[in-house]
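To start, the structure itself, in structure tokens.
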Amino acid sequence: MTLKKNDIVRLNITSVTAQGSGVGRTEDGMVMFVPLTAVGDELDARILKVKKSYSFGKIEQLLTPSASRVKPDCPAFAKCGGCVYRHIDYNSELEIKHNRVRDAMERIGGFEALKINPIVKNDRPDRYRNKAMIPACNTPDGVDFGFYANHSHRVIPCADCLLQPESFNRVVELTKAFMRSTSQTAYDEATGKGKLRHIYIRYAERRRELMVCYVVNGNGLKHENMLIESLKSELPELKSVVFNSNRENTNVVLGSKNRTAYGSECITDELCGRTFKISPHSFYQVNRDQAEKLYTITADYAGLKGDEVLLDLYCGTGTIGLTMADRCRELVGVEIVEDAVLNARENARLNNIENARFICGDAAFAADKLKKEGVSPDVVIIDPPRKGCDAELIETIVSMSPDKIVYVSCDPETLARDLRKFSDNNYSIKELTPVDLFSRTPHVETVARLVKE
């Protein structure tokens, strides 16, 4: 049987992809990916696209719903590109994420009996985000705000994102009212005209400090003092209002120039007993409570006794390493972004940490610098971006010959690939712990403990 677009086929959903789509097979064995489905669903699916060995579809009729299904609690779900798991219960989501890690280790890494601990659940799977970038758009009624639809820059209006604190929604409401009352427009990517591009909000949960950053095509907004007074009167946690200038025709949200229009240029939060300043450009985990759990596991895996040299690669603004600085003899952080290194040094000073230093450069540069100094790391922490480590970085780490490596990953597939390379270079993979930092989304963090054989 030759399948073609718009055919209707019957499916049983048996698994879920890394992106959150359900997977089933047609009668003739072709794999089909169907979003918004759950393991255990029986459905009729309409084919949207056919490839040589697989196809894509959408739900035409749900015949027998999975036992894990729940009623979605957000009207924007399935339209915006944020959540993918609001149609199933949270325990089922955790199971999917744990299985994703195990599948990656077996299928990509070739590890058959790896110890994978139970996933660390999020005690608060809603309202956990401390950062939001909310795009503006023009409508017949005036400026509105929402989130981009999947694989597009089409804004889906959303009055209440359940991943964000309620105060973020109030910022959006007040800004919308201001933009409409002053007849100002949103930036239009097609024409390059209009002013407001994004509202960028950050919240320091432990200190209860709120920053509102407006990304504008210019230097600011007309009557911005009126907007600031409106925010101040409604939001007692407001500590900072910043205008970020981005005149470029680009998908990058933030420009390089900030102007503080109210309060301080940074807000301050606490994480694992340390204090961190947060600016518009600073890296800070979007889920503070789960980050504490993640960093605690990382510290446990490092097993520091007090006399080690700890090397923190991809250190960013120093958050992971600085939370462990009191347990080692020396902390060396390495980061290629100069502004992040400056922030890391400032965070060390803020916490009166004197045994930490930060090198601006890549891992190879840092390794050569440390070698010339006669310094050998005992423990290496890696927290790379989603693409993982390149082969040269792994070779550099292996050449340093640390006793332990702790790998913090935001992508199980690249983690499995890299762990295989470390395993082939005489590092034993002792255990992994997945952590759910990004509930309702497909993402999962994983911490791996490696020991030199």
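Nothing in this text is a laboratory measurement; each read-out follows from the coordinates by a stated rule. Predicted model only: the values in this text are computed from it and were never measured. Cβ atoms come from the backbone with ideal geometry, glycine included; neighbour counts cover every protein chain shown.
Key figures for this structure:
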{"quantity": "Loop trypsin sites (Lys or Arg not before Pro), segment 1-44, which have at most 12 other Cβ atoms in a 10 Å radius of their Cβ (DSSP)", "calculated": "4, 5"}
{"quantity": "Kirkwood estimate for segment 1-150, i.e. one over the average of 1/r between Cα atoms, Å", "calculated": "17.6 Å"}
{"quantity": "Between segment 388-444 and segment 235-266, the alpha-carbon center distance in angstrom", "calculated": "35 Å"}
{"quantity": "Two-decimal log10 I(q)/I(0) for segment 252-318, as the Debye equation yields it once each C-alpha is a single scatterer, q = 0.11, 0.12, 0.16, 0.17 Å⁻¹", "calculated": "-0.39, -0.45, -0.73, -0.80"}
{"quantity": "Fewest-first sequence of 94, 342 by Cβ atoms within 10 Å of each Cβ", "calculated": "342, 94"}
{"quantity": "Candidates per GluC sites (Glu not before Pro) in segment 1-84, loop by DSSP, up to 15 other Cβ within 10 Å", "calculated": "27"}
{"quantity": "Three semi-axes of the equivalent ellipsoid, segment 131-271, Cα gyration tensor, whole Å, largest first", "calculated": "22, 17, 16"}
{"quantity": "Net dipole in debye of segment 180-332 [+1 Lys, Arg Cβ; -1 Asp, Glu Cβ; about Cα centre; nearest 20]", "calculated": "560 debye"}
{"quantity": "Phi-based couplings in Hz for segment 101-113 (Karplus 6.51, -1.76, 1.60; Gly and Pro marked x)", "calculated": "5, 4, 4, 4, 5, 7, 6, 9, x, x, 9, 9, 10"}
{"quantity": "For residue 271, distant residues with modelled amide H under 5 Å away", "calculated": "276"}
{"quantity": "Spatial extent of segment 302-453: Rg and Dmax, with the Cα atoms as the point set, Å", "calculated": "14.8, 47"}
{"quantity": "Dipole of the chain, positive direction: furthest Cα of 340, 185, 164, with charges on the beta-carbon", "calculated": "185"}
{"quantity": "J(HN,Hα) series, segment 358-374, from Karplus relation 6.51 cos²θ - 1.76 cosθ + 1.60, nearest Hz, glycine and proline x", "calculated": "10, 10, 8, x, 8, 5, 5, 4, 5, 4, 5, 5, 5, 4, 5, 7, x"}
{"quantity": "Rg/Rh ratio calculated on Cα atoms of segment 208-328 (Kirkwood radius)", "calculated": "1.09"}
{"quantity": "Dipole moment magnitude, nearest 20 debye, the chain about Cα centre, only Lys, Arg, Asp, Glu C-beta charged", "calculated": "980 debye"}
{"quantity": "Relative contact order for segment 131-271, counting Cα pairs under 8 Å that sit 6 or more residues apart, in percent", "calculated": "20 percent"}
{"quantity": "Computed lengthening from residue 180 to residue 69, 0.36 nm per intervening residue step minus Cα-Cα distance", "calculated": "36.0 nm"}
{"quantity": "Compactness of the chain as Cα Rg over 2.2 N^0.38 Å, two decimals", "calculated": "1.06"}
{"quantity": "Using distinct alpha-carbon pairs, which all enter the 1/r mean, Kirkwood radius of segment 92-183 in Å", "calculated": "16.5 Å"}
{"quantity": "log₁₀ of I(q)/I(0) at q = 0.15 Å⁻¹ - segment 8-64, Debye sum with one point per alpha carbon", "calculated": "-0.32"}
{"quantity": "Relative contact order, percent, segment 8-64 [alpha-carbon distance under 8 Å, six or more residues apart]", "calculated": "33 percent"}
{"quantity": "Rounded Å value of the spacing that divides the Cα centres of segment 4-52 and segment 349-376", "calculated": "50 Å"}
{"quantity": "In segment 70-131, GluC sites (Glu not before Pro) in a DSSP loop with at most 10 other beta-carbon atoms within 10 Å", "calculated": "112"}
{"quantity": "The chain: relative contact order in percent, alpha carbon pairs under 8 Å with at least 6 residues between", "calculated": "12 percent"}
{"quantity": "Non-local Lys pairs in segment 100-197, i.e. 8 or more apart or on different chains, that have alpha carbons under 27 Å apart", "calculated": "6"}
{"quantity": "Whole-Hz couplings from phi, Karplus 6.51/-1.76/1.60, listed for segment 408-413; x for Gly and Pro", "calculated": "9, 10, 9, 8, x, 5"}
{"quantity": "Cα centroid of segment 306-335 to Cα centroid of segment 184-220, whole Å", "calculated": "34 Å"}
